[in-house]
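Below: the structure, in structure tokens.
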Amino acid sequence: MTKLYNLLIASAIFASCNSSTTKTAEKGTDTLRFAKGKALFAQNDCGGCHAEKDAIIGPSFSNIAAEYEASPANIAHLAHVVIVGVKPNEGVWGSREMTPHLKLNPSDAEEIVKYMLSFPPDPNKPFLHNTK
Ligand code: HEC
């Protein structure tokens, strides 16, 4: 009986260790997956207008993630918007402009967009449309 008990304890400990290792591994993969986008975001001027949770001049990552599913079509579309920019009053979020990023190549722009879309969507905190 003691043997069986010890075995149960041992397997419970093993199971709990095992699950925490899996979680860490998943998190590690995610961090690696978005590391390039995160670095490119920091190297460009994006942070002056976009933040993770709060809308500054442009919508937050969570606002954008609530609006767009991370599908290949959306990622390609948003990467294009980032490169060509948004003229005042021609955007979908309000009247503000986003400066173009013509030197950014499409695959780098997509990496940044994927990183932005990896944040939890925040549909309850919509971007407040700019009223000038
Ligand atoms: C001068 C401020 C500014 C800078 C710099 C800026 N953005 Fe924006 N961004 C905006 C504004 C304002 C909007 C909302 C435009 C609109 O109404 O469609 C926006 C919108 C976006 C969107 C959503 C587009 C859509 O059609 O829904 C993405 C994605 C984005 N920006 C990514 C970036 C990235 C990546 C960078 C850096 C390479 C960047 N932005 C730099 C101001 C900026």
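Only lysine pairs 8 or more places apart, or on different chains, with alpha-carbon atoms under 22 angstrom apart are counted in the range 34-117, and they number 9. Each of SER118, SER60, SER107 has some number of other Cβ atoms within 10 Å of its Cβ, and from fewest to most they run SER107, SER118, SER60. When each of SER62, SER71, SER95 is scored by the number of other beta-carbon atoms lying within 10 Å, the sequence from fewest to most is SER71, SER95, SER62. Per residue, the convex hull around the alpha carbon atoms of the range 34-117 comes to 83 Å³.
Enter the Cα centre distance for the pair the range 49-77 and the range 92-124, rounded to the nearest angstrom. Distance between centres, Cα-based: 6 Å. Label positions at THR99 and LYS87, each projected 7 Å from the Cα along the C-beta direction, are separated by 1.9 nm. Note on LYS38 and ALA76: the model spin-label points, each 7 Å out from Cα along the C-beta direction, lie 2.8 nm apart.
Values in this text are rule-based calculations from the coordinates and carry no lab data. No experiment lies behind these values; they were computed from the predicted model shown. In this analysis, Cβ positions are derived from the backbone assuming ideal geometry, glycine residues included, and neighbour counts consider all displayed protein chains.
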